[in-house]
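See structure below.
Rule-based calculations on the coordinates, nothing more; no lab input. These numbers were taken from a predicted model, which means no experiment stands behind them. Here Cβ is always computed from backbone atoms with ideal geometry, including for glycine, and neighbour counts include all displayed protein chains.
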Amino acid sequence: MNEKIRKEIFSILKNSKKIDYQDIVLYLIGKEELDKILALELTIRMENEAKGIKKKNHFYDYAKIINSDFPAFKYTLSMKHKKKEIFDPEKVQKYLPAEFEIWKNKSRVDLEKKIKKSESAIIPEQAIKLREELEKEIEIARQNIQKVLNNFHNYDVVISTFEYYTYYPALYFVVENEKKNRASDTHLRQDVPNLLWFEDNRPFSELRSNDRMSRIIQTFDRYCGSIYIKEKNRDK
């Protein structure tokens, strides 16, 4: 990530409510912050296009903008199973190199986390051996993937997470547009800040008990497990 852009993003988010959940970070942002983020996104896209860089999402490396058309007034965080199944040969051939890179990078990160855990009994000599074994496994996988890609028509290849359940942090949220309330859900990313445009302007007196407590949990700071506090003049 470009360090200058990263600093600019976090400068915009400095007064936004930050929520840490299962190794992801969710920011609740207002319209002012959203407009600044969208302006930054436009700048990055224009600069990339001027350089001939083509991307579906030019802001992918910097943040996940969840909703830019209408604000959410309710949300819930949870862990959801994300299943991946790709059978179409053309798509499999296209995504195979990326699947290898994802697996390679995740395997290295997971190993380092295992080695560096405070309760880990792995000594330096064992850590070296584990890294060497993983690199051998990565190299064998790389050769096998390349062998398939070189003669793809000779193989049946499927990409699937059927044999193992992968759970990801997910966000369920409700937005109010011109016609009616609309509920959506999306998986959240661990490597960049997730940005939810959030505005709940319904009077407290009109909220049901569950909605009232839900808003308090979402917008107040929690202390001592059961105490929720927010300054009266604070918007977020």
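Note on the range 14-75: the C-alpha convex hull projects to 5.2 nm² when averaged across all orientations. Based on the Kirkwood approach, the hydrodynamic radius assigned to the chain is 21.5 Å, with every pair of different Cα atoms included. Of all lysines in the structure, the ones whose alpha carbon falls short of 21 Å from that of LYS106, not counting any fewer than 8 places away in one chain, are LYS64, LYS80, LYS82, LYS83, LYS84, LYS94, LYS114, LYS116, LYS117, LYS129, LYS136. Simple spin-label estimate for ILE19 and GLN126 gives 3.9 nm between the two label positions (7 Å along the Cα-to-Cβ direction from each Cα).
Computed over the chain with a Gaussian network model linking Cα atoms closer than 10 Å, the most mobile of LYS56, LYS116, LYS80 is LYS116. Among VAL175, VAL148, a tally of other beta-carbon atoms within 10 Å of each Cβ gives an order, fewest to most, of VAL148, VAL175. Helical runs (DSSP H, four residues minimum) scored at -39500 (n - 2.57) apiece and divided by the length of the chain put the mean residue ellipticity at 222 nm at -14000 deg cm²/dmol.
FRET efficiency for the pair SER68 and ASP185, taken as 1/(1 + (r/R0)^6) with r the Cβ-Cβ distance and R0 = 25 Å, rounds to 0.90.
Dividing the mean sequence gap of close Cα pairs (under 8 Å, 6+ apart) by how many residues the range 107-207 holds gives a relative contact order of 13 percent. Loop-located trypsin sites (Lys or Arg not before Pro) in the range 131-225 (DSSP state not H, G, I, E or B) with no more than 10 neighbouring Cβ atoms inside 10 Å: LYS179, LYS180, ARG208. What are the GluC sites (Glu not before Pro) within the range 115-171 that DSSP puts in a loop, where the Cβ has at most 12 other Cβ atoms within 10 Å? Those that pass, being in a loop and sparsely packed, are GLU119, GLU163. The relative contact order of the chain comes to 34 percent, based on Cα pairs under 8 Å that sit 6 or more residues apart. Could you tell me which chymotrypsin sites (Phe, Trp or Tyr not before Pro) in the range 23-77 are loop residues by DSSP with no more than 16 other beta carbons within 10 angstrom of their beta carbon? Taking the range 23-77 and a limit of 16 other Cβ atoms within 10 Å, the loop chymotrypsin sites (Phe, Trp or Tyr not before Pro) found are TYR60. Using a Gaussian network for the chain with springs between C-alpha atoms less than 10 Å apart, which of these wobbles most: GLN143, GLN218, GLN93? Sorting by GNM fluctuation, first place goes to GLN143. The relative contact order of the range 85-160, computed from alpha carbon pairs under 8 Å that lie at least 6 residues apart in sequence, is 65 percent.
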